[in-house]
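Notes follow once the structure below has been shown.
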Amino acid sequence: MANGADVSEFDLECSNLTKRFGGFTAVNNISFNIPNGSFFSILGPSGCGKTTLLRMLAGFLEPDEGDIRIKNRSMLGVPPNKRPVNMVFQHLALFPMMTVAENIAYGLKRQGVPKAEIAVKVQSALDRINLPDAGPKRVDQLSGGQKQRIAIARCLVLDPDVLLLDEPLGALDLKLREHMKVELKQLQSQFGTTFVYITHDQSEALVMSDQVAVMNNGVFEQVGDPQDLYYNPKTAFVAGFVGDTNRWKGVVKATSGSEVQVATDDGLTLTATGIGQGCKTGDAVDIFVRPESVALSRSADALSGMENRLAGQVKNVLFNGANSRILVQDPTNGGEIMVTLPQTGEFNDLRAGQDLHLGWKLSQAKCFAQEAGKASGAEVA
Amino acid sequence: MLKQKLKMVTGLLVGASVLGLSGAANAETLRLLTWGGYAPENVIELFQKETGIEVEVTKSNNEDMISKLRATGGSGFDLAQPSQDRIAGAQFEHEIYKPIDLSKINADLFIASMMDGTKKNTTVDGKVYGVPHIWGTSGLIVNRKEAGSIADYTDLCSEAVAGKVSYRLKRPTLIGFAFSMGMDPFAAYDDTAKYSEIMGKVEEKLIDCKSNVKSYWSGGDALMNLIRSGEVTAAMAWDTGGWKLNQENADVTFVAPKSGALGWIDTFALPAKTKNEEAAYKWINFVMQPKIAAMITASAGNFTASKGADEFAEPALKKQFQDSFPPEAIDNIKWYPPVPAGLEDIEGKVLDRVKAAQSN
Amino acid sequence: MKLGNSSKLGLLLLMAPLLIWLFALILLPHVDMFFLSIREKVAPRVYQTSMANYMEFFNEPLYWNTFARTAVMSILTTAITLLIAFPISYYIAKMLKGRMKAFLFVLCLLPFWVSELVRTFGWMILLRETGIVSSTLQWMGVVDGPIEFLYTDATILVGLVYSSMLFMVVPLVSTLESLDDSYIEAGYDLGGNGFTVLREVVIPHAMPGIVSGCIVVFMLSLGNYLTPVLLGGKDSLWFTEQIYAQFITRFNWEQGAAFGFLLLILSSLIVWAGLKLSRQTLSETMG
Ligand SMILES: Nc1ncnc2c1ncn2[C@@H]1O[C@H](COP(=O)(O)OP(=O)(O)OP(=O)(O)O)[C@@H](O)[C@H]1O
Ligand SMILES: [Mg+2]
């Protein structure tokens, strides 16, 4: 992309990366570029090949095909200790037999930085992560969050071009994870380093990232900014994986332009916007509708403007303050629909058993060809 | 290290007491502490047929016998077979034996001169502690083709056999070298100062000689293998070993050294706490019968003190004996007098220092 | 209070077999051995209490030298064993998986399926002048005449290292296995090369295994009897040989007991010094 230019606008460029283990393709022909100083997440379910991809970037695995370029320099054949990338490991891998300061100094020593300078750099790194007194402590005297920050500082003192993070929050409890999300993002913008962040938790990816790649079965399903992924998923997998959603399976009955008529497996007829090539008459499709795009009403008339309308009975109210939802059951076929409770006050007295009308616009219902066909893609090799 | 040593000692103790217990439980066993070949299977079988007594054999050597009996205060065995010269001193220091009731021994079965000599040598405080069983000599085993020049102990230090010599680091070596260096250690047995002086000279000689030595042998089998393979061509050893090898390789034989072969007599002695004295006497009188004695000679390779057993001995063995011992050599045999208590300490130091010296 | 007492009693009862065992098999013989060692034989059957047996060790350079030599050889054995066992252990623990791993481990164990005596004789058959190595070399025309490989210090070392290997490999493998791969990878990732990762990450982590392996190998070599005596021949000069000789061939139990105690004390001192030098503590190693 940055042909001929010495200075690339991308810190990391990968082209056609492939890694196979025996007959199994863990990473399948992936290409992507990460702009300088951005926070790039790779989001995908367990076993989809995230770690494999990251380990190729770090140099612990050689790709079978494709090229990795960092700052426009190919990394093929460059050993991990010679690459301008550093990695924060899933379990941090802070050296237990060294103090915190020694941990941070480890990489600087390897670079042959003079002793006095190391001390200064280590202290300033500790200051920047708000642990100015942690230097002489042993690693096992730190809390989970502190360890996390030390692990990142240990890499960032080396001023890498790219920092790789493999689910670094995985080991933390929920509360701390929420807190660290914010902090990580801050650290990243503070240091201005490019982060490649792996996670299977979509909320981590959405909150922190400038760009998110959704990975499945060894391929990137979609790369985009968080809003884009959330509102304009390009595949059924992305629609289902990013954010919560209602899903129906069905068969296309008729199409007109991008509008598709679908008979669902549980007997409804829904109208949706077809996305991609897979929504022709007779195709097996999935329809996705986000809980917050469903409108509620106590009378059928109020929803007359909506292309899709349903009547149902409140089965459950899942109260969670601003994030409250209700589960509505369709009495005719027993199907359930999740709906976000509007915070207008109108439905505050809603109780299980009450009747309700639901409706959503054609544009809020997205129709994708069913995933099954796609899933086999990774197994070729 | 210490543990090993402890293990050894406790092992001895436990082993001996277990043996003791089993002996008590079954009175009709004879626990024999003896040398290899002295109680062959066929003799044991005959003995059991005749008396109903089972024989348990523990193979040993002089030092080991004393150690074992010392460790248990003389229990664990019913009959032991130390050399006659090693009884008086050990008895005096450790009181591990019990006097022999000569009336229970059939003196007619023994060669009288040998019986008298042994009785004299094993008498402590007027009591007799040993009667003779098997006798033999130690001298040189020589491969005549490769080391024909070796005629005396000191010849083992000659250039001709450099690196192809083996002897034991034990007292017979010290004695043999002393004789061969023209001294008489036996005459100095009662003069500690003189004996120390003799040993000092022997020590020097042996240290000098160390570079000639392939290895100090400790087990008969190991020595036989060294000679068989040709790695050793001249060694100081027992006569029987030489004769055995002679049957395999006519070049190798036992040679009585010029300064005299060293004559030893292995005896019967009763451990102080024997549990089955009767069986011990029965065994002694049984194995001294000429025919049985000849069977033992066949197995051990040495002649016994049994009167008339010669008649039954194998002619081949007799022939070998006569070859190795022309009449003047027999006269020249130096019989070990009893070792006075304390001499072994002097010898021990000498042996330690020889062992520790660096051969160059 | 009552509960406290009864639970204490229960504990005592639980510990009883162990305590009795310790007392009867370790303490008692040692006490006995100690009294033996401070008994000086002044004449046949006459003894007096003195430290003469201990002084003998220091006054007679031969004993002292023998001990020093034994200690130096054992330290050498330990060092060589460590140098050989470390890469092997690393390979077993970190590079191999599944069946291969078990196979190599068993390979290290193999020598211990035969007794030490048989093992040592195996070496003698291989190395003696008319042995397999010598004949093979002659057959290949590498050498003209037979060579004696036995009865040298190098042979003793070979034998000792061979029989010590397992005792080094086992603790090393188990500590190295407990080293998560990510530490090694982090070591590289942060710019370390093979050597620095080994020095900064792998060895510090394996230190308890190294120390306990070294202690075991050192003590076993120091206390070994058969291997040095059989392979070393006339110049073996091993301290346990001295102890054995004092007990068995010299009937000098007093001296033997004193040597035994000296061996215990001096070897403990050496181990202590080793721990100090490597800045390790025993509790860390065992913990
Ligand atoms: N060394 C290997 N040999 C064989 N298969 C492997 C190897 N490493 C990974 N795999 C396989 O490759 C696939 C991807 O593994 P990877 O570790 O990259 O998943 P991941 O996305 O990081 O999952 P998780 O979120 O659980 O960490 C998995 O099916 C895994 O079994
Ligand atoms: Mg992973």
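The values are calculated or read from the model by the stated rules, or taken from the named source; none is laboratory data. On a predicted model such as this, the values are computed, not experimentally measured, just so you know. Using ideal geometry, Cβ is built from the backbone for each residue, glycine included, and neighbour counts are taken over all protein chains shown. For accessibility, only protein heavy atoms count, side chains too; no ligands or nucleic acids. Shrake-Rupley method; radii C 1.70, N 1.55, O 1.52, S 1.80 Å.
Quick one: compute the contact order of region A:244-373, relative version, from alpha carbon pairs under 8 angstrom and 6+ residues apart, as a percent. Before the final figure, lay out each step's value.
Working: 302 pairs, mean separation 41.2, N = 130.
For region A:244-373, the relative contact order is 32 percent.
May I ask for the net charge around A:K19, where only other residues with Cβ less than 14 Å from the Cβ of A:K19 are counted and Lys, Arg are +1 while Asp, Glu are -1?
So the environment of A:K19 carries a net charge of -1.
In whole Hz, what ³J(HN,Hα) sequence does region A:325-332 give by Karplus (6.51, -1.76, 1.60; θ = phi - 60°), x for Gly and Pro?
3J(HN,Hα) across region A:325-332, in whole Hz: 9, 10, 10, 10, 10, 7, x, 6.
Magnitude of the Cβ-charge dipole of region A:1-93, K/R +1 and D/E -1, about the Cα centre, nearest 20 debye?
That gives a dipole near 280 debye.
Between C:A102 and A:D349, what is the spin-label point distance in nm, taking each point 7 Å from the Cα along the Cα→C-beta axis?
7.2 nm
Return a whole-number percent for the relative contact order of region C:61-286, with Cα pairs under 8 Å and 6 or more residues apart as the contact set.
Contact order relative to length: 27 percent.
Could you work out the mean count of beta carbons from other protein chains within 10 Å of each residue's beta carbon in C:122-134?
2
Quick check on my link table: of B:K119/B:K275; B:K145/B:K291; A:K19/A:K147; A:K71/A:K185; B:K282/B:K334, which ones sit more than 30 Å apart, alpha carbon to alpha carbon?
In this structure, B:K145/B:K291; A:K19/A:K147; B:K282/B:K334 exceed 30 Å between Cα atoms.
By how many nm would the segment from A:F24 to A:N320 grow when fully extended, if each residue of separation counts as 0.36 nm and the alpha-carbon distance is taken off?
102.2 nm
Mean residue ellipticity at 222 nm from the helices of chain B, using -39,500 (n - 2.57) per DSSP H segment of n ≥ 4 over the full residue count, to the nearest 500 deg cm²/dmol?
-14000 deg cm²/dmol
Taking amide H positions as placed 1.01 Å from N in the peptide plane, with prolines and chain starts having none, which residues 5 or more places from A:R290, or on another chain, fall under 5 Å of its amide H?
A:N246
How shielded is C:240-252 by partner chains, expressed as the average number of their Cβ atoms within 10 Å of its Cβ atoms?
Per residue, the number of nearby Cβ atoms from other chains is 6 on average.
Summarise the partner chain shielding of A:101-112 as one whole number: the mean count of Cβ atoms from other chains within 10 Å of each residue's Cβ.
Whole-number average of other-chain Cβ neighbours for A:101-112 is 3.
Under a Cβ-Cβ cut-off of 14 Å, what is the net charge of the residues other than B:E28 that fall near it, where Lys and Arg count +1 and Asp and Glu count -1?
Overall, the nearby charge balance is -2.
How large is the dipole of region A:4-231 about the Cα centre if only Lys and Arg carry +1 and Asp and Glu carry -1, each at its Cβ, rounded to the nearest 20 debye?
Values: 23 positive and 26 negative charges, 176 e Å.
Dipole of region A:4-231, to the nearest 20 debye: 840 debye.
Mind giving me the FRET efficiency for A:Q329 and A:L176? R0 is 35 Å, r the Cβ-Cβ distance, nearest 0.05 is fine.
0.40
Can you find, among B:F303, B:T240, B:T267, the residue sitting farthest towards the positive end of the charge dipole of region B:236-360, where Lys and Arg contribute +1 and Asp and Glu -1 at Cβ?
B:T267
Leaving out ligands and nucleic acids, and using a 1.4 Å probe, what accessible area per residue does region C:51-180 come to in Å²?
Solvent-accessible surface per residue comes out at 51 Å².
What are the residues whose amide H is under 5 Å from the amide H of A:N308, where those residues sit 5 or more places off or on another chain and H is modelled from the backbone?
Amide H neighbours of A:N308: A:W360, A:L362.
Taking only C-alpha pairs under 8 Å that are 6+ residues apart, what is the relative contact order of chain A in percent?
With pairs under 8 Å counted, the relative contact order is 16 percent.
A:S74 to A:K280: extension gain in nm, 0.36 nm per residue of separation minus the Cα-Cα distance?
69.8 nm
Once amide H atoms are built 1.01 Å from N in the peptide plane, which residues 5 or more positions from B:Y216, or in another chain, come under 5 Å H to H?
When sequence neighbours closer than 5 places are left aside, the close amide H contacts are C:K234.
Taking 7 Å along the Cα-to-C-beta vector as the label spot, tell me the C:N193-B:S211 distance in nanometres, rounded to one decimal.
About 4.8 nm separates the two model spin labels.
What FRET efficiency comes out for the pair B:F92/C:A273, r = Cβ-Cβ distance, R0 = 35 Å, nearest 0.05? If you can, show how the numbers build up before the last one.
Details: r = 45 Å, r/R0 = 1.30.
Result of the calculation: an efficiency of 0.15.
Take B:K194 and C:F34, extend 7 Å from each Cα along the Cα→Cβ direction, and tell me the distance between the two endpoints in nm.
Rounded to a tenth, the inter-label distance reads 4.6 nm.
In debye, nearest 20, what is the charge dipole magnitude of the protein assembly as shown about its Cα centre with +1 on Lys and Arg Cβ and -1 on Asp and Glu Cβ, if you could check?
Using Cβ point charges on Lys, Arg, Asp and Glu, the protein assembly as shown gives about 960 debye.
Work out from phi, with θ = phi - 60° and the Karplus expression 6.51 cos²θ - 1.76 cosθ + 1.60, the ³J(HN,Hα) of each residue of region A:256-270, listed in order in whole Hz, and give x for Gly and Pro.
Coupling constants for region A:256-270: 8, x, 8, 7, 10, 9, 10, 8, 7, 4, 9, x, 8, 10, 10 Hz.
Return one quarter of the surface area of the convex hull spanned by the alpha-carbon atoms of chain B, equal to its mean projected area, in nm².
Value for chain B: 17.9 nm².
Within 10 Å, count the other beta carbons around each residue, average over each peptide in B:92-101, C:267-276, C:36-45, and list them highest first.
Sorting B:92-101, C:267-276, C:36-45 by mean packing, highest first, produces B:92-101, C:36-45, C:267-276.
Name the residues of region C:166-200, by number, that are at least 30 Å² less accessible with every protein chain in place than in the isolated chain; the surface is that of heavy atoms, probe 1.4 Å, without ligands or nucleic acids.
C:S182, C:Y183, C:E185, C:A186, C:Y188, C:D189, C:L190, C:G191, C:E200
Mind checking which of A:T269, A:I150, A:V196 is farthest towards the positive end of region A:150-280's charge dipole, using Cβ charges of +1 (Lys, Arg) and -1 (Asp, Glu) about the Cα centre?
The one lying farthest along the dipole's positive direction is A:T269.
What are the ³J(HN,Hα) values, in whole Hz, obtained from phi via the Karplus relation 6.51 cos²θ - 1.76 cosθ + 1.60 with θ = phi - 60°, for each residue of region C:120-128 in sequence order, with x given for Gly and Pro?
Per residue, the Karplus-derived 3J(HN,Hα) values read 5, 5, x, 4, 5, 5, 5, 9, 5 Hz.
Can you put A:D67, A:D159 in order of accessible area, largest first, using a 1.4 Å probe?
Output order, biggest surface exposure first: A:D159, A:D67.
Just by accessible area at a 1.4 angstrom probe, what is the order of A:D330, B:D108, A:D244 from largest to smallest?
Putting A:D330, B:D108, A:D244 in descending order of accessible area: B:D108, A:D244, A:D330.
Students often check this: by mean Cβ neighbours within 10 Å, which of C:94-104, B:232-242 ranks highest, and how do the rest follow?
Going from most to least packed, we get B:232-242, C:94-104.
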